[in-house]
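Data first, discussion second: the structure below is written as structure tokens.
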Amino acid sequence: MVSMTITVIVLSLLGNEIGSVLGDIGTATSYEPPYLPTKCNGNREDQFPPGNLFVSVSEGLWDNGAACGRRYRLRCLSGNNKPCKDGTVDVRVVDLCRKSPCPSTILLSSDAFSAVSSSPTSKINVEYFQI
């Protein structure tokens, strides 16, 4: 019973900290050019959506390449020194993370990252869901 009470208190505190969460939770970092070639469409410039709002995903989201072209809506939940901006950003998957191990669940283009975080070098906690 004490264990359940502690769990309820912790969940309540987390709920107050990050608000309602409706999607999956992961981490995000920014990555810089060069963005080409990508695993999805090689050297094609037209693969990038308007505003350069795109991402590279870790192996867990890659789905053997089926993730190419998927769209996600994400928002910053938390990070060191309160980097989060209000609002969400819609992004398109264009690549598999090139680093091994990948530093986060999702690597956002610098433009996408700046839409949700005021700190370009931070690792942030994000909520994301497919749209």
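The values are calculated or read from the model by the stated rules, or taken from the named source; none is laboratory data. None of the values given here were measured: they were computed from a predicted structure. Note: ideal-geometry Cβ built from the backbone for every residue, glycine included; neighbour counts use all protein chains shown. To get the accessible areas, we keep the full protein, side chains included, count just its heavy atoms, and leave off ligands, DNA and RNA. Shrake-Rupley method; radii C 1.70, N 1.55, O 1.52, S 1.80 Å.
Numerical summary
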| quantity | calculated |
| --- | --- |
| Criterion: under 24 Å from SER119 (Cβ atoms) and either open to solvent by less than 50 Å² (accessible area, probe 1.4 Å) or not in a helix (DSSP H, G or I) (or both) - qualifying residue of LEU77, LEU36 | LEU77 |
| Residue check for SER56: hydroxyl-bearing (Ser, Thr, Tyr), touching a helix residue (DSSP H, G or I) at 6+ places or on another chain (Cβ under 7 Å) and buried (at least 18 other Cβ atoms within 10 Å of the Cβ) | no |
| Top-ranked residue in the range 81-93 [being among the charged types (D, E, K, R) and in a strand (DSSP E or B); ranked as surrounded by the most Cβ atoms within 10 Å (Cβ to Cβ)] | ARG92 |
| Of all residues in the range 99-125 being open to solvent by 50 Å² or more (accessible area, probe 1.4 Å) and under 26 Å from PRO37 (Cβ atoms), the one that is nearest to the chain's Cα centre (by Cα) | LYS123 |
| Looking only at the range 42-53, and only at residues there that are in a helix (DSSP H, G or I) and of a type outside the set (Gly, Ala, Ser), the one that is least open to solvent (accessible area, probe 1.4 Å) | GLN47 |
| LEU96 being more than 18 Å from GLN47 (Cα to Cα) and surrounded by 20 or more Cβ atoms within 10 Å (Cβ to Cβ) | no |
| Test: residue in the range 62-69 that is closer than 21 Å to GLU45 by Cα, open to solvent by less than 10 Å² (accessible area, probe 1.4 Å) and in contact with a helix residue (DSSP H, G or I) (Cβ under 8 Å, 6 or more places away or on another chain) | yes |
| Conditions (1) outside any helix (DSSP H, G or I); (2) more than 24 Å from VAL21 (Cβ to Cβ): number failed by ASP111 | (1) |
